[in-house]
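> Please find one structure pasted underneath; my questions will follow.
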Amino acid sequence: MSDPNNNEDIAKLQDQINSLTNQLEAANQANKGSTNSKRRQIAPAAVHIQQVDGGIGQRPFLQSRREMMGRTASICTRQVMSNLPTGENDYSNHPLALRIMDMFQRPSENLDYLNSEQFAKDLFKLCQKVRHVLEGEPRVVFLQSPAYIFGDIHGNLEDLHFFSDNIWRLGMSLTAGNFLFLGDYVDRGMSCLEVTAYLLAMKLQLPNKVFLLRGNHETRDVNGWEEHYGERSFIYQCRQRFGDDIGYRIWEACNQVFDRLPLCGVVDQDIFCVHGGIPRPVGENTTRIQDILNVSKVAGINPPYEHEDDDYQQVASDCIWSDPASEEQEQYSVDPESGFGESLRGGGAICFGNKAVTDFLAQQGFSYIMRAHEAHAEGVAVSKGARVFTVFSTSKDHNQGSQALAGCILVDGEKLQVINRSPAYKNQYVHRRDSVSLNALSPTEISKRIKLGLISQDDDESSEEEWDDFDESSEEESDEEPPVYAFSKERRRSSVNLGEMAARFNSEEWDSTHTSGFVGTSSRHLNALEDVIREDDEEEAEEDSRSTVEGDIS
């Protein structure tokens with residue numbers, strides 16, 4: 001039987017519920033009928049924190065204020081983001097970077113700029129700025145996934161546009177993940193200056209998102225080998241575009257940037273990324289990563305500077321020159337104890353076999369090696385028990401056929417995704433010589449585009465153009481000279497012999513004195529051009545100040 005006391009309590013609670021329900025309904029009816037009542041919504045507020053200059057001799061301080069967002073939330077967010085402190089070296093909207101970005105996005109509309117003195121100045125300024133950025137990076141860069149890994153570009157603007165159109169269509173800054181390029185940006189292709197300018201501009205704008213490693217073509221011995229590569233060599237394109245004097249100085253400025261490029265990268269503490277391959281160990285008490293970190297911050301490699309240590313010069317050379325051993329090499333030429341042997345390239349370059357890969361991955365705790373340096377028609381190749389990936393990001397200039405692909409790899413956590421350019425892909429920048437779209441162009445315009453690599457199948461008839469030289473009347477040096485890094489060909493030799501490599505591939509004979517034109521080159525040789533650009537910047541600043549004063553007066 002039920003307790004009568006409990007029944008009474010339940011009845012009282014039901015009465016209270018009914019009473020409260022009636023009161024709530026009456027209040028709702030009263031509010032609906034009231035003409036003076038207003039419906040109020042919660043208005044979220046944003047706290048805006050901004051760094052404010054404290055004035056002359058005062059430290060900057062943080063200032064905060066509450067801002068009502070309401071329906072203008074997106075507008076307020078945009079304003080807050082745009083007002084965040086960006087630091088002293090923010091180049092996202094720098095005119096130099098914007099001009100180069102526009103050049104890359106619309107090369108056909110920027111022919112005059114690409115052939116101008118302004119482009120030479122921009123490229124030189126860009127090298128100066130990126131050089132300082134790279135001096136703050138270690139020889140091994142560590143980054144997190146997602147990360148896009150790219151192999152050789154070799155002055156191929158067309159394939160670089162493919163990746164831009166399909167991977168960072170909204171821009172690298174708005175694309176999730178990091179971008180790691182494994183070297184060989186110049187030589188072989190006809191757009192070496194454009195590719196170099198674009199990648200360096202991206203590094204300047206996004207120094208913590210874009211990472212550029214060094215390849216064997218980022219050395220003076222190779223990108224200065226005009227006898228071998230002819231019009232497709234980097235030094236030839238610099239001199240042909242800007243004249244012998246200024247072209248040489250632009251070439252040297254770019255190589256000073258290359259001297260400071262990192263040698264390898266590590267993704268998620270698991271994937272070792274390098275241009276060529278793993279280096280031979282220096283000693284028993286250090287790891288290979290430590291050996292690479294000990295390479296000089298400024299390294300010529302081929303040829304080396306006087307200050308470079310022989311052992312670590314060899315480490316750097318292995319990173320940019322070595323290859324995985326073929327099956328035949330594994331049997332006959334690879335040392336079974338070390339796992340290394342002589343490369344098919346010859347000239348002192350090495351190859352690494354299965355044992356070298358196993359020992360290296362075990363020592364460092366890595367799972368994979370991603371490298372470039374070898375052409376593959378499929379864009380990506382796998383070797384050494386699927387532990388070594390070779391990425392090649394240009395489909396041209398390597399005798400791989402018309403159906404060759406340009407590839408890259410996306411590392412996203414535990415997933416590895418291969419991205420290839422289909423041979424059927426058509427772009428709006430580079431055209432074949434027999435393309436109908438070129439019918440409306442004059443022979444002069446066609447000649448300009450051929451020189452810039454915007455028309456394939458080069459025409460033999462190319463007009464010679466004269467380029468304006470900089471005024472180098474001022475030869476005065478500043479009181480504080482930058483460090484001078486000098487070459488000494490007599491005392492030091494390059495770690496590889498390009499002449500022997502050329503002989504192996506039935507190339508023309510190598511002239512061992514071909515480097516005499518730049519042996520002894522140092523940063524001091526660029527002072528004259530730096531003075532000219534500095535004067536040009538001062539003139540621009542004076543013009544801006546005058547225009548501001550005139551605007552105030554008016």
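> For residue 9, tell me the accessible area in Å² from a 1.4 Å probe, rounded to the nearest 10.
Estimated to the nearest 10 Å², residue 9 gives 80 Å².
> Going by a ≥ b ≥ c, the root eigenvalues of the Cα gyration tensor, does the range 207-250 fall in the rounded group (a/c under 1.5), the prolate group (a/b larger than b/c) or the oblate group?
Values: a/c = 2.85, a/b = 1.58, b/c = 1.81.
In terms of gyration-tensor shape, oblate.
> Something else: Filter 384/415; 203/297; 209/355; 129/209; 125/203 down to the pairs with a C-alpha to C-alpha distance above 22 Å, please. Before the final figure, lay out the partial values.
Working: 384/415 19 Å; 203/297 18 Å; 209/355 34 Å; 129/209 17 Å; 125/203 14 Å.
Over 22 Å apart, Cα to Cα: 209/355.
> At q = 0.09, 0.14 Å⁻¹, what is the log10 ratio I(q)/I(0) for the range 114-228, with the Debye formula run over Cα points and no solvent?
Taking Cα atoms of the range 114-228 as identical point scatterers yields -0.24, -0.61.
> Suppose each label sits 7 Å from its Cα in the direction of the beta carbon; what would the residue 15-residue 27 distance come out to in nanometres?
2.2 nm
> Hey, another quick one. Highest mean first, what order results for 350-362, 127-139 on Cβ atoms within 10 Å? List each step's numbers first, then the result.
On the way: 350-362: 20.3, 127-139: 16.8.
Output ranking for 350-362, 127-139: 350-362, 127-139.
> Around residue 351, which amide H atoms from residues at least 5 apart in sequence, or from another chain, sit under 5 Å from its own amide H, with H modelled in the peptide plane?
Correct list: 323, 341, 342, 343.
> Would you please state the base-10 log of I(q)/I(0) at q = 0.17 1/Å for the range 247-384, with intensities from the Debye formula using one equal scatterer on every alpha carbon?
-0.98
> Another question about this same structure. Order of 179-190, 256-267, 100-111 by packing, highest average Cβ count within 10 Å first? Please report the intermediate quantities before stating the final value.
On the way: 179-190: 26.8, 256-267: 23.2, 100-111: 17.1.
In decreasing order of mean packing, 179-190, 256-267, 100-111 become 179-190, 256-267, 100-111.
> What is the list of residues in the range 340-370 whose amide nitrogen lies under 12 Å from a point 7 angstrom out from the Cα of residue 287, following Cα to Cβ?
Flagged as within label range: 360-367.
> With viscosity set to 1.306 mPa s and temperature to 10 °C, compute the Stokes-Einstein D of the range 83-182, Rh being the Kirkwood radius across alpha carbon pairs; µm²/s, no decimals.
Details: Rh = 15.8 Å.
So the translational diffusion coefficient is about 100 µm²/s.
> To continue, here is another question. Using the Kirkwood radius over Cα pairs, work out the Stokes-Einstein diffusion coefficient for the range 275-318 at 25 °C and 0.890 mPa s, in µm²/s as a whole number.
On the way: Rh = 10.6 Å.
It comes out at roughly 232 µm²/s.
> Continuing with the same structure: Tell me, what is the 1.4 Å probe accessible area of residue 236, in Å² to the nearest 10?
80 Å²
> Something else now. Probe radius 1.4 Å, ligands and nucleic acids ignored: give me the carbon and sulfur share of the accessible area of the range 248-392 as a rounded percent. Please list the in-between numbers first.
Details: 2320 of 5030 Å².
Looking at the range 248-392 in its full context, I get 46 percent from C and S.
> Okay, next question. Return, for the Cα atoms of the range 335-389, the radius of gyration and Dmax in Å, separated by a comma.
Calculated on Cα positions, Rg and Dmax stand at 12.1, 33 Å.
The values are calculated or read from the model by the stated rules, or taken from the named source; none is laboratory data. Everything quoted here is computed from the prediction, not taken from an experiment. Methodologically, a virtual Cβ is constructed for each residue, glycine included, from the backbone with ideal geometry; neighbour enumeration extends over all protein chains shown. Accessible surface areas use protein heavy atoms only, side chains included; no ligands, DNA or RNA. Shrake-Rupley method; radii C 1.70, N 1.55, O 1.52, S 1.80 Å.
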